[in-house]
1. How much net charge surrounds residue 121 when only other residues with a Cβ under 15 Å from its Cβ are counted (Lys, Arg +1; Asp, Glu -1)?
2. Rounded to the nearest 0.05, what FRET efficiency do residue 89 and residue 199 give with R0 = 25 Å and r taken as the Cβ-Cβ distance? Could you check?
3. Taking neighbour counts of Cβ atoms within 10 Å as a proxy for exposure, in what order, fewest first, do 390, 60, 488 appear?
4. Which net charge results when you count Lys and Arg as +1 and Asp and Glu as -1 among the other residues whose beta-carbon is under 11 Å from that of residue 97?
5. Can you put 230, 411 in order, fewest other beta carbons within 10 Å first?
6. Quick one: length gained pulling residue 394 to residue 379 fully straight, 0.36 nm per residue minus the C-alpha distance?
7. Taking 0.36 nm per intervening residue step and subtracting the Cα-Cα distance, what contour gain separates residue 228 from residue 535 on full extension?
8. Would you kindly state how much longer the chain becomes between residue 252 and residue 419 on full extension, computed as 0.36 nm times their sequence separation minus their alpha carbon distance, in nm to one decimal?
Amino acid sequence: MTLRARILLGFGVVVLVPLLVFGLRVRTEMASRLTAEYERRVAALVAVIRADLEQQSAGIASRLAALTGAMAADNRFRIAALQGGDRAYLLDYAGNAMHLAGLSMLQIQDDQGRVVSSGHFRNEYDRLEPAQPRLLAAAPGGMALVQARTPEAPFLALARLDSLRLGRRRFTLIGGVAVDSGFRARLTRDPELLVSLALPTDTLPAADSAGQVVSELTVPFVAEGESAELQPARIVVRHSLASLGALRRGVNLAFLAAVAVTVAIALVLGGAISVRISRPLAQLAQRTSEIDMDRLDVAFHSERRDEVGALTRLLGAMTDRLRTGAAKLREAERRIAMGDLARQVNHDIKNGLIPIRNVFRHLLEAARGEGPDPLAAALRDRQGTIESSISYLENLATNYARLYPPPARELCAVNEVVLETIRRVGEVAGRGELRIELADGLPAVRTDPLVLRRILENLIGNALDSLESRPGAVTILTARGADGGRPIVRITVADTGKGMTGEELNRAFDDFYTTKPGGTGLGLSIVRRLVLDANGALRVETAPGAGSRFIVELPGETA
């Protein structure tokens, strides 16, 4: 027999067996008696609710009968309903009659199902609802729950149907009382019983420790919509288990007292057994505490045949698997890092090659002209762009060759870098209009001009892409600000493009997330890292269809 089996057997014989027999017997008897009492209470409440609904239905029917008699004797209503005159009187008739009859809803329809007058919602006039009278007429007992519309919000009502004939036309009255919190409170006569009304589209919560579904009463409900039909609504009765919980707490206290006395006796046996298992477990815990990702050479070996030995051998096998998995994880991390670096290099090189490709397109267009002058003029005009792009690529190559060294920290004029960047991307600005609003007297910022140019190129390129070949503009603004008395330089790149949703904004700065076909998903991720490296901050203001504003704030140098 294993050590675990001996411990369980000893405590089971001494403690658990007598206490379980006692506890189960008490709980079974208690549950049986309380269940019978709850069933009697619930049956009585269900009968009371059924009688109350029938009484309410009879009251509604008598009020509607009185109204039909009054309508038949009202010549002014007869003329307005049959001949179409005195519309104001007709529209207000149901409202006045509803209040006089003490109803919460009243609707008068003609023989075509058209609303002639509505007391609870005057604007329902001339609305077609032929299905509602038909379904109410088919409801068992002539009553059903309906959803009545009002200018504020719909409400639930217990409704009945009545009709009268004026001339050769039949008019239908649908009246009812609101099934509100007061109506439901009147149904609940016992504070320990909970009454819930569940429509066909509702789902009642499952019974838990606070209540239990005991019984339910079905009431017809007129479901509106294209396929109007009668569906069952449920009045569900739940019984609170507060009294049962109090009784159980008393039983539990007595049970705990018996356990305490018995456990005191069993501690002697448990103490003797624990000595035999504490020593090897302490040694095992000591060896386990030495394990970490940098030290997985801890040896676990045991000749024991009980659970302690099995656990020791299991930990040894787990350590072996961890050693293998750690090696695979380090290799996978290395490959991911190399892949990220390759994608970033590819993205930055493409940014440097785009101006050169556009210059060559310009040169080819100039070469198609007559004579060498246009070609020479175009070459002189774009020579600065070629040299700037080549210098950009050379600096990138140098930086990546040194595995991304810290960027140069030198004084940089923001407006000059903005103008240089605009000149470089101006060749592809045919996708939209580029506007510049530069503030005078900006303080210099201490950062690498190449870093600032990469930030602007990525933001301007994304802004142009967001226009999606439709007329629009991208505006680059610079401004001076202050943060706690220290000057800052604010650069804003705003576009009139499609903007971003909340979900797109939350993922915009994630690596490899993009919404553009063929995009790498690295542009904004790189921008964020570059801004943070420059001790700056990046904010975004955007809304779908309203464009986006990317705001870069860099600390300025004091004079």
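1. Values: positive: 114, 122, 127, 149; negative: 92, 124, 126, 129, 152, 224.
Net charge in that neighbourhood comes out at -2.
2. On the way: r = 36 Å, r/R0 = 1.44.
For R0 = 25 Å, the calculated efficiency reads 0.10.
3. Values: 390 13, 60 25, 488 19.
Ranking 390, 60, 488 by Cβ neighbours within 10 Å, fewest first, gives 390, 488, 60.
4. Numbers: positive: 63; negative: 74, 92.
Result for the local shell: -1.
5. Working: 230 17, 411 11.
Arranged by neighbour count, lowest to highest, 230, 411 become 411, 230.
6. Numbers: separation 15, 0.36 × 15 = 5.40 nm, distance 2.10 nm.
Extra length from residue 394 to residue 379 when fully extended: 3.3 nm.
7. Full extension of this stretch gives 104.0 nm more.
8. On the way: separation 167, 0.36 × 167 = 60.12 nm, distance 8.09 nm.
Using 0.36 nm per residue and subtracting the Cα-Cα distance, I get 52.0 nm.
Coordinate-derived values only; no laboratory data. Everything numeric in this text was worked out from a predicted model, so none of it was measured. FYI the Cβ positions are ideal-geometry reconstructions off the backbone, even for glycines, and counts take in every protein chain you see.
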